[in-house]
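A short reminder: the numbers here are calculations on the coordinates, not readings from a lab. Only a predicted model underlies this, so the values are computations on that prediction, with no experimental measurement involved. In this analysis, Cβ positions are derived from the backbone assuming ideal geometry, glycine residues included, and neighbour counts consider all displayed protein chains.
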Amino acid sequence: MGWAIHLHLLAAVSWIGGSVFLFVLGISLKDKNDQKAVYPRIGPIYGFFEITALFLLLISGTIMIFNNGLVEILFDMDIHNKVIDALRIKLIFVAILAIMTVVHSIIALKTLHIAKTPIEKFFSRGASMGIFLLNFVVLHFAIVIRDIL
């Protein structure tokens, strides 16, 4: 195994671990004043950390796809096997997750020190919950691929 898989795993642990931490924090902070005190302080730090982890995941994943000669196979829809099909599904969920991260990050940065509109709150919370849940879907497909290999 090359260095890319190690970087990929470290970034995945950071990405998913941070997501779980914020989810638990969000559930445990019921008081709105506590939320207003905590999120503006940790949100930007967490956001930059998580975006860095996401970039590392995307870069290392892309490197592994190229290094293993999978680019042509992934886009040739006549080729099917358990690994390729699982990787295709995983990559679709990764793309959705990345889009949700961009949406959530834009809204979070835009409204860091001001109140969110109802539509911003809806999309920010929806994207946040979607990111949290899709992390486990992507992790599932990573485990499926690793189990097959």
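Suppose a student asked you for the relative contact order of the chain, using Cα pairs under 8 Å spaced at least 6 residues apart; what percent would you report?
31
State log₁₀ I(q)/I(0) for the chain at q = 0.14 Å⁻¹ as given by the Debye formula over alpha-carbon point scatterers of equal weight, solvent excluded.
Log10 of I(q)/I(0), two decimals: -0.73.
Quick one: Phe75, Phe49, fewest Cβ neighbours within 10 Å first, how do they rank?
Phe75, Phe49
How many lysine pairs does the chain hold where the Cα atoms are under 27 Å apart and the two sit 8 or more places apart or on different chains?
11
Once you put a point 7 Å from the Cα of Lys32 and another 7 Å from the Cα of Ile51, both along the Cβ direction, what distance in nm separates them?
2.8
Mind putting a number on the dipole of the chain about its Cα centre? Charges go on the C-beta only, +1 for Lys and Arg and -1 for Asp and Glu, and I need it in Debye to the nearest 20.
Using Cβ point charges on Lys, Arg, Asp and Glu, the chain gives about 660 debye.
If each DSSP helix of 4+ residues adds -39,500 (n - 2.57) and the sum is divided by the residues in the chain, what number results at 222 nm, nearest 500 deg cm²/dmol?
When only DSSP H runs of four or more count, the value is -30500 deg cm²/dmol.
Which residues in the range 2-23 have a backbone N closer than 16 Å to a point placed 7 Å from the Cα of Arg125 along the Cα-to-Cβ line?
Once the point is set 7 Å along Cα→Cβ of Arg125, 23 turn out to lie under 16 Å by backbone N, inside the range 2-23.
If we count other beta carbons within 10 Å of each Cβ, what is the order of Leu133, Leu109, fewest first?
Listed from fewest to most nearby Cβ atoms, that is Leu109, Leu133.
Which length gain, in nm to one decimal place, applies between Val13 and Lys110 when the Cα-Cα distance is subtracted from 0.36 nm times their residue separation?
Computed gain between Val13 and Lys110 is 32.2 nm.
Using a Förster distance of 22 angstrom, determine the FRET efficiency expected from the C-beta separation of Phe132 and Ile99, and round it to 0.05.
In this case the efficiency is close to 0.90.
Which of Met64, Met100, Met77 has the fewest other C-beta atoms within 10 Å, and how do the rest follow up to the most?
Met77, Met64, Met100
For a Förster distance of 22 Å, can you work out the FRET efficiency between the beta-carbons of Ile84 and Val24, rounded to the nearest 0.05?
FRET efficiency, Ile84 to Val24: 0.05.
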